[in-house]
Amino acid sequence: MRSSLLRHVAALVAATFAGLVSIGCSTDNGDPEDPTETPAAEPSAKEKKSSDTEDAPEFDADFDSAEDAGSSNNGDPTPPDGDQCIDNDDPGSAENVAQVLPSTDDCDNGYKTISGVVKGEVDVDFYKLSASDEFGCSLDTDFEAQTAGTELCVYARCKNSTVDAVTGCDQGAMSTSEIGMTGCCAAAPGRALPQWDCSGLTDDDSADFFIRVRQLNGDKCLPYKVRYRY
């Protein structure tokens, strides 16, 4: 029995040794391990596609405003079309809102000048002149439009409220204003000179004159001049 046990142990040892040898052979001579992958060469710049490039940075819409950038508003910008027509002292467009001129009399024979701007036929300028007929001085009245393309009208009303004081025109053509005053009109260059006579015991022809200036057949920015004396 002992002999049989020894044979059994010897067989077991031999089997174990054979297993170890088999394992060693499998490791040394079996299937090789997976080889290390060689990295692919990076494509040249010509071979790169647009999708290979880096993404562009996100759009930043947070621009500085014109005010932050140092720009300033000059308060009188030029219109987009560049047509700038500045008329800072525009007279009224009717007799009741006429711009009042300095009073004068027939002792002052010096000419005075009115300067203004009209743009188009709808831009009408009215002025009011108070003139006094002084004793010992003679009338030498004159109203002259100097700028071609404009029309000058002069309407007269006696200070003593004489009705229909204007009887004709020394120069120009008879005209009636929107409120019923009579006067004379002339295209520039030209003169509008009404004839008037105020009633009364004395020969006092003191009168208020309403001067109208407007543009004829045009729509441009037109500076004008009118000169007058009483």
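Some notes on this structure:
- Exclusive hit being acidic (Asp, Glu) and either in contact with a His (Cβ under 9 Å, 6 or more places away or on another chain) or at pLDDT 95 or above (or both), set 144, 121: 144
- Pick from region 164-216, criterion acidic (Asp, Glu) and in a strand (DSSP E or B), ranking: farthest from residue 125 (Cα to Cα): 170
- Counting only strands (runs of 3 or more DSSP E) wholly contained in region 101-146, the ones carrying 3 or more residues that are under 15 Å from residue 223 (Cα atoms) and touching an Asp or Glu at 6+ places or on another chain (Cβ under 7 Å) occupy 112-119.
- Members of region 209-229 found to be within 11 Å of residue 154 (Cβ to Cβ) and either modelled with pLDDT under 95 or basic (Lys, Arg) (or both), listed by number: 212
Residue-wise test of (1) of a type in the set (S, T, N, Q); (2) over 19 Å from residue 91 (Cα atoms).
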position	(1), (2)
132	yes, yes
140	no, yes
153	no, no
180	no, yes
219	no, no
223	no, no
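- Single residue of 173, 131 found to be of a type in the set (A, V, I, L, M, F, W, C) and in contact (Cβ under 8 Å) with a residue 60 or more places away in the chain: 131
- Members of region 217-230 found to be assigned to a loop (DSSP other than H, G, I, E, B) and buried (at least 18 other Cβ atoms within 10 Å of the Cβ), listed by number: 230
- Residue check for residue 210: under 35 Å from the mean Cα position of the chain (by Cα), of a type in the set (A, V, I, L, M, F, W, C) and under 16 Å from residue 104 (Cβ atoms): yes
- Residue among 71, 132 that is farther than 24 Å from residue 188 by Cβ and modelled with pLDDT of 90 or more: 132
- Selection from region 177-205 of residues that are surrounded by fewer than 17 Cβ atoms within 10 Å (Cβ to Cβ), over 35 Å from the mean Cα position of the chain (by Cα) and at pLDDT 95 or above: 195
- Tabulated pairs, region 90-111, first free of Cβ contacts under 8 Å to residues at least 12 places away in the same chain, second surrounded by 14 or more Cβ atoms within 10 Å (Cβ to Cβ) and of a type outside the set (Gly, Ala, Ser), C-beta under 8 angstrom, 6+ apart or interchain: 102/112
- Residue 154 meets all of the listed conditions (1) among the β-branched types (Val, Ile, Thr); (2) under 20 Å from residue 104 (Cβ atoms); (3) at pLDDT below 95 but one, namely (3).
The values are calculated or read from the model by the stated rules, or taken from the named source; none is laboratory data. Everything numeric here is computed off the predicted structure, so don't read it as measured data. Positions of Cβ are generated from backbone atoms using ideal geometry, with glycine treated the same way; all protein chains shown enter the neighbour counts.
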